[in-house]
């Protein structure tokens, strides 16, 4: 039987990823396109030739036909909208990050636990073929003991929508850490077997976008700049995390005065290691018979957004708990919060 | 008037760097080549056609003609030999690291302070043209506020003399951190204006060399391996340091299962940034008129070992305190100790 | 309110540059495509889906709706057509060179001055981001005193349309100097602050295309060759120009028996210098702290044809005098004429 | 019978080129090494194991045994010493340039004509195998009509002996033009068949070395700098020359803020062209059957200094007038003078 779906927030991620995936799934039907900007909702109806436009998501909370909801709004809507739909008996797929803060994420988790409805987070890399190959290699012992992971997500100039929702802390909750870092840390945690974190130390910097008028860049995604807007989020982040598994260090930059883009994760094991180029392929480094081996696997990446949506729809029926469930993903929210707290206090944070 | 010099330890660093530099300085004359291996001392006498061979450095402590001493022994000799010569009224240039531990380094500093003789450490990069250009650029504000420095000293396979002095903790004091990291941290501290450290968090790993027989490698410097020896030092290190200036993160590997050698330091300022390729040139990244600029300086690197030795000899006469003085360099010893202590305790170390 | 435009001449430059830029400007509408070849005008109407085809430009001189005209004909049409439209009260953007001779250019300027209508010349590089960065660097003193500029526009084989309009003096006014040199000299003049020229000495050679049948080439732009046509223009040019600012030397070849294409301009200042690769990026050379610096700027080049057209349309309303105004550009026409005159007389020309 | 020779000036060019060549010629014997610095003369006697040291060249003017003299002093000595030896009945080989000024060169020529003794100038490239191949190709018509020659002798940083004889106008007569340009123009004239010059226009600039203390460089030949000395010569030169043969343009820099060294001569003919890399090999560019040909000749360069000295010694006996005779070479001195005069007056110079 068909699952009727509502899309909340009709921006880029909804239009390029969620909506096409629902349309390709034979068991789903989009009933509502909701956006606080009426023209955005209307545009989606026309572009995709289905559903009806809604401005206020509360108008559809009680539509008994709706079973599933994708939340694709800016971060400040995630917690409240997800909780409202869960309490209205709907199943929710919420874009990453779970929320602006760990406290918000905990409330979302509480609502999930109390309602028993699905609450998955858009940690889409967990549905990526390459990432799952790496996870399996590590789990099967192919890397030996995984002792350290280094994640680099550094770009020379890539601040999104300067002065808009992405760069306003009260809306987004943070900058490069919460926007890019959440993906990188999620891959690290997933591949490492979601180890329990023990300590976090970090420093966040708001530097290159601060003087908005003088920010030099070649192109801007989620642009153009709004010089009358706000820029108060981190554009550089560094952190060190100890877990019950490997230690983890990260360096991330939306913008930096170093002219190289380095987007990769290094998994260091005592038998072998892996460098994963984010969103692309990976290399495996090992040694055998006195030779050093560099192995380049070829595989069909798969459509990870399709897998995410298909999995979400399937688990509504099956009750299966996916790796994107809030109970798993909330650990990353805890780490992000720890990094920001450590940066504010200038001290390491120790988790109980 | 000529300064008479004794060379203590006639290994690679003495023969390739210290001795040739003394021979080129018109005011210096090498009187003794000392090594506990008699054949090493003899070989130096013949190779360089001057001086006399000595086995026990105590035999020359009281030669009134000797004014200056270069200590080029393994790390376990640094503190005791330096202190003996200082107390005998000699001026000392001691190879890096200052000592195996911060406690030893403090005793060396104490002896220097009490005797008033010169005690310089072999932080040779402080005499390198490129490093000094970077230091000047930062001091003059060309980078704006320097907020973070990342140092990467990672090689796939480069453990020196497996099973020998370099890999035995009781001799060397540590592994990749104390051997390579000391140079990288020294450059970071020097260029950043020697800022006071506040916290240190680190993890050291002894992994790839541990199973010595099965360590695969292509070439070994300071080799060959001694499989009957000891391997109990760090071959991977990660750390995060907060200072009164920039925060600093490091990743270092004598050996890792990632097939790239990345030896560089990134200086991140809010106006401009620099990537220094260790032992080579650097690039400056900035922005102007809406363009992103990549600047490659060409300069005559100079002979930094010659500068170091010339500076040492000159300051014996002039009394000038060089940037390689124990009073400055000891801060790096404190940081190294902090990283090892943090790794042992699994917690951040806070300096008073 | 919308500005109605007529395109006079529907060849390559019109179709690839002017027409698309007008179509992208929200305030412009193309009403006429005019070409003496009826099929060329018709083809434009169909290709761009707007406007109507005209053969004789005089038929639209008196259409009161037309406010702006782009002249994209061969050079022999520039002066007469521009003057006719100016006197009919239209604003004109005329492709480079302004005209075949300085005398013609002076008549165009006279018509502009008398009518008060806009007459801009297609010196499109003045709307190029990289060129403007260089101009600003020079104006702000970053190069110190700019004392010499060398422009090289030399190709091994690049005569356009052998035997056609480009190579017939009575139509084009000249060869490589008037076709390529006009762009290079225009950049030199613009970046140098449009200095007043004092003397010109030059030699023009008609050599490699002269024996048309035996001209060897790999590709021909604006081709194919018309062996029944005329070839009586310069394919090599050399000149030296003294100005109140820097001295300038040029070497240019549409064709030469040297197998390298060298298309660049060197700006020599006593503090720094720039080599601009024509139509591409540039490098800045300077010195600091004893190091020689090579700086490579990255920037978004921008669409200089779009900027040119947008600027033309805007200045019709605003009355702003753009750097492409005939009053500025005519100095280059004077220099070109001087070079040809000097070549004919074998003597330096001195301007009053 | 052996020719007895005196070497006047025992600097680099004498010791590296003239003296070894005389020693290899079986018919020559060096009797005197003369230098106003006694230690330089003495050092030559010891280094080469022959001859006797002299301080004042006048002391050997009247030694009847001396037949031949090589003048290797700074430029200010060329004319007076050469004339003194000619009038004393000796044959003279004088290093390039002939003299500081054309007037001095004319007096040298007059003395030669009146005495009938040999006066050759050190235009050593006329004895270079590659240069002679090019000269023969041009003479035989292989390039067709040679219509233009462009000579580039531009280096980023190569001022010799800043503050010394090379950079002091009263001693050297000029800078990069007289020191490097003389060689390039000489090759151009020789290969082109020594055509009669008609007009000269040039500009000389004294820029990058002027502020001596702040001149940045990597290495200095004829160094080290003497900051108390004088720097008043051209470090950049540009000129255009019309002759009865090809037109010629030159750009030369001892120092420039462009980071490429370009040292070549382009010979442009209507059938073929040649790019000669100075001091190295050349490429021939031609066309045949619709193909563009690049030809790289390989040949044994030969020892041009040996050829020069051998030729000098032989012509003393044979009376043959070599291509290095003052009567030929003086035309280049006339051109150099014309360039400097044109630069001073800001106008083209016309020769009668």
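We did not get these values from a lab; they are worked out from the coordinates using the rules stated. Since we're looking at a predicted model, the values are computed, not measured. Every residue, glycine among them, receives a Cβ derived from its backbone with ideal geometry; neighbour counts consider all protein chains shown.
So, R0 is 51 Å and r is the distance between the beta-carbons of residue A:271 and residue B:196; what FRET efficiency does that work out to, to 0.05? Between residue A:271 and residue B:196 the formula returns 0.80.
Legend: mean number of C-beta atoms from other chains within 10 angstrom of residue C-beta atoms, peptide C:264-274, equals 5. Across the copies of the chain, residue D:341 has label points (7 Å from Cα along Cα→Cβ) spaced 2.5, 8.3, 8.8 nm apart, shortest distance listed first. By DSSP, the beta bridges lying fully in the protein assembly as shown are antiparallel in about 60 percent of cases. The eigenvalues of the Cα gyration tensor, multiplied by 5 and square-rooted, give chain A an equivalent ellipsoid with semi-axes of 32, 25, 20 Å from largest to smallest.
Show me the ranking of peptides C:97-103, D:344-350 by mean Cβ neighbours inside 10 Å, starting with the highest.
Those peptides, ordered most packed to least, come out C:97-103, D:344-350.
From Cα pairs below 8 angstrom and at least 6 apart in sequence, can you work out the relative contact order of chain D, rounded to a whole percent?
Normalised by residue count, the contact order of chain D is 20 percent.
Need one word for segment C:92-217: rounded, prolate or oblate. Basis is the Cα gyration tensor (sqrt eigenvalues a ≥ b ≥ c); a/c below 1.5 gives rounded, then a/b vs b/c decides. Judged from the Cα gyration tensor, segment C:92-217 comes out oblate (a/c at least 1.5, b/c at or above a/b).
Given points 7 Å out from each Cα along the Cα-Cβ axis, report the residue B:145 to residue A:260 separation in nanometres with one decimal. Distance between label points: 2.7 nm.
Helix C:75-87 and the long axis of chain C differ in direction by around 60°, with both axes built from C-alpha atoms. Across peptide C:298-305, the average count of Cβ atoms from other chains found within 10 Å of a residue's Cβ is 4.
Build a GNM of chain C with springs between Cα atoms under 10 Å apart, and of C:141, C:161, C:77 the one that fluctuates most is C:141. Chain D versus the axis that turns it onto chain A: the residue with the nearest Cβ and the distance in whole Å amount to D:259, 9.
When you look at the Cβ of every residue in B:254-262, what mean number of other chain Cβ atoms sits within 10 Å?
Taking the mean over all residues of the peptide, I get 6.
Using a simple spin-label model with pseudo-atoms 7 Å out from Cα toward Cβ, residue C:227 and residue A:213 lie 6.6 nm apart. Ranked by the mean number of other Cβ atoms within 10 Å of their residues, highest first, the peptides B:119-131, A:206-218 come out as B:119-131, A:206-218. Relative contact order (percent) for segment D:115-188, with alpha-carbon contacts under 8 angstrom and 6 or more residues of separation? After rounding, I find 33 percent.
Only Cα pairs under 8 Å and 6+ residues apart enter the sum, and on that basis the relative contact order of segment D:169-273 stands at 33 percent.
Helices in chain B, meaning DSSP H runs of at least 4 residues, each add -39500 (n - 2.57). Divided by all residues, the mean residue ellipticity at 222 nm is -9000 deg cm²/dmol.
Applying 1/(1 + (r/R0)^6) with r as the Cβ-Cβ distance of residue D:107 and residue B:47 and R0 = 51 angstrom yields a FRET efficiency of 0.30. Rounded, prolate or oblate: which one fits the protein assembly as shown, using the alpha carbon gyration tensor with axes a ≥ b ≥ c (rounded when a/c is under 1.5, else prolate when a/b beats b/c, else oblate)? Here the protein assembly as shown falls in the oblate category. When residue A:103 is represented by a point 7 angstrom out along its Cα-to-C-beta vector, the spacings to that point in the other copies are 4.6, 8.6, 9.2 nm, nearest first.
Test of understanding: what is the full-extension gain from residue D:345 to residue D:80, defined as 0.36 nm times their sequence separation minus their Cα-Cα distance? Could you put the intermediate results ahead of the total?
Details: separation 265, 0.36 × 265 = 95.40 nm, distance 2.82 nm.
Between residue D:345 and residue D:80, full extension yields an extra 92.6 nm.
In terms of the Cα gyration tensor, with a ≥ b ≥ c the square roots of its eigenvalues, is segment C:258-352 rounded because a/c is under 1.5, prolate because a/b exceeds b/c, or oblate? Judged from the Cα gyration tensor, segment C:258-352 comes out oblate (a/c at least 1.5, b/c at or above a/b).
For chain B, the antiparallel share of DSSP beta bridges with both residues in that region comes to about 60%.
Axis of helix D:182-191 versus longest Cα principal axis of chain D: the two differ by about 60°, to the nearest ten degrees.
Values of log10 I(q)/I(0) for segment D:173-257 across q = 0.11, 0.12, 0.26 Å⁻¹ run -0.37, -0.43, -1.34, by the Debye formula with one identical scatterer at each alpha carbon and no solvent.
Inter-copy label distances at residue C:63, using a point 7 Å along Cα-to-Cβ, come to 5.1, 9.5, 10.2 nm with the shortest given first.
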